[in-house]
Amino acid sequence: MIHTNNLKRFYKKKVINLIIFILTSVIFEIIFFAYSFGSLLPLLFFLDLFMLLFLGSIIFIFKKFLFDKIYIPTILFLVCACFFLNTIFYKVTNTIFILENLKNLSSIFQRAESRKESFSIFILLPFLMVYIVSISCFLLFNFKYKVNIDWGKNAHKKKIKILAAVSLTASLSIYVLSLSATTIVERKAGNSTIDNVSFSSAYNTKKIGLLSYYVKNLGQVLFPKEFDMSDLMNYFTNSCFLNDYYTGKLKGYNVVVITIETGGEYILNQYTTPNLYKLLNEGIHCVENYSKNHTVRSELLSILGNHPSFDLDSYYNVDYELPFTLPNSLNEYETLYCNDLGGNNDVFNERPLIPHLGFDKTVYHEALLPGKEPSNFKLFNWPRDSKVMESVINELGKASEPFYMHHTTICMHYNYEDSPERDASMMNEIKAEFDQKLKELEDSGKWKNPIEGKDETNYRNYTLCSMDTDKAIGMLVDHLKERRLLDKTLLVLYGDHDCCGDYADKHMPPMSWQISGKDNGLEIDNYPTILGFYNPTLSDLYYQKEGTYEFNDFSSPMVIVPTILDLLGIKYNPKFYQGKSIFDPSYGNEIFYSMFIHAFMNKNYLSKVGQDIDKRFTDVIDTDAEKIFLKKCAEFLEQVKYFDFIYKNNIFKHCDYNLLMPKN
């Protein structure tokens, strides 16, 4: 017979082991939230608490404490690793790791390794200390607190198993019901991302907790939303082809798209960047253009015209059929992609995807700068854009008309510091060529450092780099003039993101914040970027009709693909693109979704998940405008569900693209 006191000691020991597990896990979550979000716990913390109760209650199934000694340290290690790795991941990417990325872990590790600033011993230490202290206390308690029971065939053994089963079932049931109820409440409150948590991973993690976020994310992976052909056809065919005043006005013209790395609007100056200044002021200049995305995502928006809710890193190795991309839409064009991406592990980790986008020819580092060490984030050894442009022009000279070329510049990318840790060869060359000129412009009042007295050295170096980028643009224009092609070419110039920067002094805010005078990342004024469409014929038409060269509506890189297709007169389905042609008569009140700060925005409003207005950039209260903004957000979220399905299932491998074209 088992003594009652022994049974009490048995239950007491199990409960204390459970408490140690739950308490330690909660501390891990507090550390994660403090580092990542500046708060203590998720809004609906009870969800993660029920999940921990379920995971910990498993120890009651086993009567021997040897299981506890193996299980508790193991599961705590996994929980610790989950919170720690997401702390690092959030620091680097401003988002939470999604399970879809498991398909491409190697490339993520390579990218993380290339960014040495992503890891800090000060982040690891609290997790490590809590784990060591907790496990030490756990093992010491289990060693000191003895429970000697000879179970034999005693009926108590059966009762304990029943009790354990009831406990597990109850905790799991409470958790599932609570999570389901939360999902319903969030859905009714307008949080349409609650069913697609990876779309706004940080926001939903702050709501329901990291563990519950992964339960939801796992549900997405195991039970993805399915669409059949009738769903796709009903959505995509319910549209119409665009036909406006500018449709087909540049039919058959060549197209050159240049992604200007870190191309903030503030670099435009008729003396430091005369070529960019001239092209934008004599072309259609989108003066209210904003962008905040990593370079790869901004670049893809100008090629794909859309982006799914997840990072395409997860699907780089898919043999895609994407008939809606710009190169695939230009069937009669010779298409060319030039980018100084070096080796298999290129600096932006996009090289594996490019061959699936439809370009006839891709030219990388080996051909553009043979013999030079590829760029990386350890040395910041970017090449000069003017040097790369020499090879780009050589490649473009081989292309037959009509041609479409996409090229991305690089030398304006941070780091701008004069630091012994970086390769200074490029900056030294640029200074040797442009520094004296910049000093003369500064002395004559033709250039002024906008953050004088703050981060002025880095901004000065950034300006010097922009002068080399401008030189490269001038070389391209001269090449087109020499071939008598400038009048027959549409030149699109746009910046991928603001001048974010990265400095040894981590307390220094990004330069774009210093320029705007704003003190946080949720400000639209931090992100003005270049966007212009240059062609003499187009400029004349636009000026005759509008009386100006400026396009004053809100815009973003999402407008680039539909605008180009519109001008070339190529029929396309507007629903395959997240932006509109700037010439679309229905253009207005447009929005932009930043996958970097995970928010919808336009000139007047910002919303984190599209359910309500989180920030207003205007003093004017206009409820109708706010409703239109939120309606646009809802339409965007609806559209992205179909994009997710298309990308994840590579739908056009077995579906005719023409079936999804508008009916009229």
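The values are calculated or read from the model by the stated rules, or taken from the named source; none is laboratory data. If you're wondering where the values come from, they're calculated on a predicted model, not measured in any experiment. Methodologically, a virtual Cβ is constructed for each residue, glycine included, from the backbone with ideal geometry; neighbour enumeration extends over all protein chains shown. Calculation scope for accessible area: heavy atoms of the full protein, side chains included, ligands and nucleic acids excluded. Shrake-Rupley method; radii C 1.70, N 1.55, O 1.52, S 1.80 Å.
Please give the net charge around I597, taking every other residue with its beta carbon less than 13 angstrom from that of I597, where Lys and Arg add +1 and Asp and Glu add -1.
Cβ neighbours under 13 Å give a net charge of +2.
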Looking at T205, V620, M558, which one has the Cα that reaches farthest to the positive end of the dipole of the chain (charges on Cβ: Lys, Arg +1; Asp, Glu -1)? T205
Too long at a 30 Å Cα-Cα cut-off: which of K431/K580; K207/K631; K372/K488; K251/K448; K608/K648? K431/K580; K372/K488; K251/K448
In the full protein assembly as shown, how much of Y462 is accessible to a 1.4 Å probe, in Å² to the nearest 10? 0 Å²
Considering only protein heavy atoms, what is the solvent-accessible area of R297 at a probe of 1.4 Å, reported in Å² to the nearest 10? 30 Å²
Could you put L99, L476 in order of accessible surface area, largest first, with the 1.4 Å probe and the full protein assembly present? L99, L476
Sort I98, I16, I174 by heavy-atom solvent-accessible area, probe 1.4 angstrom, most to least. I174, I16, I98
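Considering only protein heavy atoms, with the full assembly of protein chains and a 1.4 angstrom probe, order E332, E390, E265, E395 by accessible area, largest first.
E332, E390, E265, E395
Enumerate the helices in the chain for which the Kyte-Doolittle hydropathy averages 0.0 or more and the C-alpha atoms extend at least 30 Å along the helix's axis, using complete DSSP H runs.
Numbers: long enough: 4-37 (48 Å, 0.89); 65-93 (41 Å, 1.52); 121-144 (33 Å, 2.16); 155-188 (49 Å, 0.60); 456-482 (39 Å, -0.66); 623-649 (40 Å, -0.34).
Membrane-span-like by this rule: 4-37, 65-93, 121-144, 155-188.
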For a test of the definition: using alpha carbon positions, the gyration tensor, and the 1.5 limit on a/c, classify the chain as rounded, prolate or oblate. prolate
With +1 on the Cβ of every Lys and Arg and -1 on the Cβ of every Asp and Glu, the dipole magnitude of the chain about its Cα centre, in debye rounded to the nearest 20, is 4500 debye
With a 1.4 Å probe and every protein chain left in place, work out the accessible area per residue of the chain in Å², rounded to a whole number. 42 Å²
Can you classify segment 357-487 as rounded, prolate or oblate using the Cα gyration tensor, where a ≥ b ≥ c are the square roots of its eigenvalues, rounded means a/c under 1.5, and otherwise it's prolate if a/b beats b/c and oblate if not? oblate
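How large a share of the accessible area of the chain, in percent, is made up of carbon and sulfur atoms when the probe is 1.4 Å and the other protein chains stay in place?
57 percent
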What accessible surface, in Å², does a 1.4 Å probe find on H479, ignoring ligands, DNA and RNA and rounding to the nearest 10? 20 Å²
